[in-house]
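Q: I'd like to ask you about the structure that follows.
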Amino acid sequence: MDVGLFNAAISGNDSFFEEIGDEYFNLEQVTRRGNSVLHVAAKSGKVQIIEKVLDSQPSLLYMENCKGNTALHIAASLGHFDMTKRLISCAKDQEAAVKNLLLRKINLEKNTALHEAIRNNHYDIVELLIKEDPELASFTNNALESPLFLAVDRGFYKIALQIIATIPKCSYMGRNGMNALHAAVIREQKRFATIVLTHEDNMLVPVCKDALLWLIKQICWIIFESRKFCKLDVTGTDFLYKMLDKFPTGIVEADDYGWIPLHYAAYLGNVKVVELFLEKNSSLAYIMDKEGMSALHISAKKGHVGVMKTLIRNCPETCELLDNKGRTALHVAVETGNKNAVEILLKELAFQDLINEQDEEGNTPLHLAAINGRYTILLMLADDRRVDKWAMNEEGMNTADIIQLDNRVLSCEKDVLMSKWNRDIILLSLGRVVRQTTKVQTHETEGLEEVHETQGMVCAKVRAEMCGANNVKDNPERGNTTPKENTSPKDNPGSDNTTPKDNTSPKDNPGRDTPIAKFNITAMTIFTTVTFAAAFQVPGGYEDETGLAVLRKNKHFRTFMIFDCLAFGTSAAVMCIHFAFTIFPEVKYPRLARYAEMLQVPLVEFSIFWMIVAFYGGVQAVLDENDPSNLASWATLYLVISILVPLFFIFCCTMYTVKF
C-alpha cells in the first residue's frame, strides 16, 4: 500500500483524496496482511474518509484480510463505536437483497463482529450489534463458543445480562462441550476467593476466621470485581440465579469430560453454589462423570469439607456411590491425603458401613493409605475400632504386609506404624505365604532334596504362624525367601530353637545392643561425669574465706553454670532411659519402648549442644572481651550448631512423616 494512502487512512485526512484524483490512485491496494484502506481506517476509528472510499469502491466494505476480518471486525474489536455505527449504516444502504450480510460475516475462526466486541468487553458496541441483529447471539465460532458463553467465561456479566434480557432465544454453548452455566460456576469462584475458601474448609483459620474471611473477600471484590459491577448490582451467585431461570436444562448438561456444573462447584469448593444447585435439583448429586466420580468424590478429592457436609446433609445416599474403580469417597480422600475429608466421612452416620468397603482390587481405605504413603491417615484409621486391620485385597495382602514391604519407610518408622497392630498375633497373610512358597520353588532348582527341604520349611512356617508363633518383630527378614536364610533359628519360627526366651534376647531387639546404642550410653556416661565434675571445678576457682565462686557475678560464668546443669540433666536422663529400657521387655511394652528409643535422639543432641555452650561460657568468663582467643570459642560454638541443627531438623521431619 502506498505510504501516503496509508497515512491518510489512519489519520482520517480526507483532503488527501481531494488533492489526488481517482485516475492516479488505486483504492484496492492492500498491506502485507491483506488490510485494505478501510481496514486501516477502522484501526484508528477515523470516519472522515469512509464515505469517499465506499463511494469509489463499495466492495471494500466486505473485503477480508488474511485472517478473514472485515473492517467491521476490526472496529468492533478495538471499541470504535462511531466507526462501527457508520459501517453498519453504509451496509444498510447497500444490502437491499441480503439483510444483515455484513453483520453476519465471520472470519477464519468463525467469529462475528459480536464475538470480537464481547471478547474485548465493549458493552456499547455489543448493545448496538444485538439491536441491529438479535440472531447474532446464536452464532458459534470454531471452538463452539457462543457470544453468551464468551461473556460469562470472561466475567463480563453486564454484557451477559444484556444478551439474556434482550434476546428470547440465544445459544449458550461453549467449548469442550460446556455451556454458559459451567463457565458461570468457574468464573464466579475467583482465584483469591478460592484460596480463602479452601483455608476455611481446611479449618486453617483461627477463631477470628469469620471476620478475617469477610475482610479478605471484600478486598478481593474491590480489586477484581468492582470494575465489572460498578454499574450493575449483581454478584456471581445472583447471575447464576438468572441463568438458571433462563436455561433450566443447562444444569444437567455435561461437558466432554462428563462434568455438570455441580461438579465444578464441588471441585472449587463453592458451598453457596452447591446449595443453589441442590435446591433446584437434588438428583444432581447422584450424577457421575465419565470416571464415575460424583460431586462427593470430587469434593473429597480436593478436601472441601464444606461442600462434603452440604452434599451429605441434602443427599445422604451419595455416600454409597462408587466410581468406575469401585471406590467410595473415603477411598478417594485417603488416596489424595486429605485428612480433614477423611475425618468428616468417618464421623458421618451414613458412612458407617462403608469404612471397610473394598474397591475392584480389594483395597480398603486402610490399604490405600499404606500403598500411597499416607501415614498420618493410616495411623488415624488404625486407631478407629471400626476399621478392619486384617482385610485382604485381591493380591492376598493385608495392610501389615504392605507396610513391611514398603521400601520408602525406614525401619524405625515401620516399627511405629506396626505398633498399631498387636505384634503378638500378627500373622503372614496366606496369599503372601503362597507367593513365598512359589518363589522358593521357582528359584531353587539345583536339586530335588533341597526343594523338598524348603517346602517342608515353609509348611512348618505356616503351621507355626497359624498357632500365633510368628510376629513381625521376631522375623524382620521374612521378605528374603532363600533356603539358607530361612533355615536359620532366627528366621524360622517353626524350628525347635525358637522359644519364648528368644523373643526378648538381644538378637531380636536391634537398637538395644547395637554399636550405636553402646556408643550412646558410653558417651552419655562420659558427659554425665564431665559435667558433674565441671560444676565443682568452676572457672576462676573459689574464695578462700566464703567458699563461693570468684566469678559468680560474671554473666559468662552464669551461662556456664546454667548450661552445664542442663547438659548434666539431659545426659543423666538418657542413662535413666537406657536402664529403664532393659527393665521393661519390649515385647510386652512395644509402644513404650519405641517412645523411649526415639526420645534418646533429641536428648543426646541437646546434651552435646548445651555442653558446648557451657564450654563457651566458661572460656568467655576467664578471658578478656578483646582477647583474640575468644574467636576460637565462637568458632567452636558455630561449628557445633551448624552440625546439630540440620540433624535435629532431619529427625523432626522423620517423626512428622509418621506422627507416632
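Q: Step through the table entries K52/K92; K67/K105; K67/K169; K92/K131; K242/K272, compare each Cα-Cα distance with 20 Å, and write down the pairs that go over it.
A: In this structure, K67/K169 exceed 20 Å between Cα atoms.
Q: In what order do V604, V307 fall by count of nearby beta-carbon atoms within 10 Å, going from fewest to most?
A: Neighbour counts put them in this order, fewest first: V604, V307.
Q: What number comes out for the charge environment of G617, summing +1 per Lys or Arg and -1 per Asp or Glu over other residues with Cβ under 10 Å away?
A: +1
Q: Let me ask something else. With a/c under 1.5 counting as rounded, go ahead and sort segment 54-180 into rounded, prolate or oblate using the C-alpha gyration tensor (a ≥ b ≥ c being the square roots of the eigenvalues; past the cut-off, prolate if a/b is larger than b/c, else oblate). Kindly include the intermediate steps, with their values, before the conclusion.
A: Details: a/c = 1.86, a/b = 1.63, b/c = 1.14.
Cα axes put segment 54-180 in the prolate bin.
Q: Are any of the pairs K302/K389; K246/K309; K110/K301 more than 32 Å apart by Cα-Cα distance, and if so, which?
A: Check vs 32 Å cut-off fails for K110/K301.
Q: Still on this model: Taking the beta-carbon count within 10 Å as an exposure proxy, list T328, T525 from fewest neighbours to most.
A: Taking fewest neighbouring Cβ atoms as first place, the list is T525, T328.
Q: Now, a different point. For M293, list long-range residues whose amide hydrogen, built 1.01 Å from N in the peptide plane, is under 5 Å from its own amide hydrogen.
A: N324
Q: Now a separate question. About the Cα centre of segment 102-169, what is the dipole size in debye to 20, counting +1 per Lys and Arg Cβ and -1 per Asp and Glu Cβ, all else neutral?
A: 60 debye
Q: For M173, which sequence-distant residues (separation of 5 or more, or a different chain) have an amide H within less than 5 Å of its own amide H, given hydrogens modelled in the peptide plane?
A: Amide H neighbours of M173, under 5 Å, 5+ apart: S146.
Q: Report the calculated FRET efficiency for E394 and K347 (r = Cβ-Cβ distance, R0 = 35 Å), to the nearest 0.05.
A: Once rounded, the FRET efficiency stands at 0.75.
Q: What does the charge add up to near A535, with Lys and Arg as +1, Asp and Glu as -1, over the other residues with Cβ less than 15 Å from its Cβ?
A: Residues close to A535 contribute a combined charge of +1.
Every number here is computed from the coordinates shown, using simple stated rules; none is lab data. Everything numeric here is computed off the predicted structure, so don't read it as measured data. Positions of Cβ are generated from backbone atoms using ideal geometry, with glycine treated the same way; all protein chains shown enter the neighbour counts.
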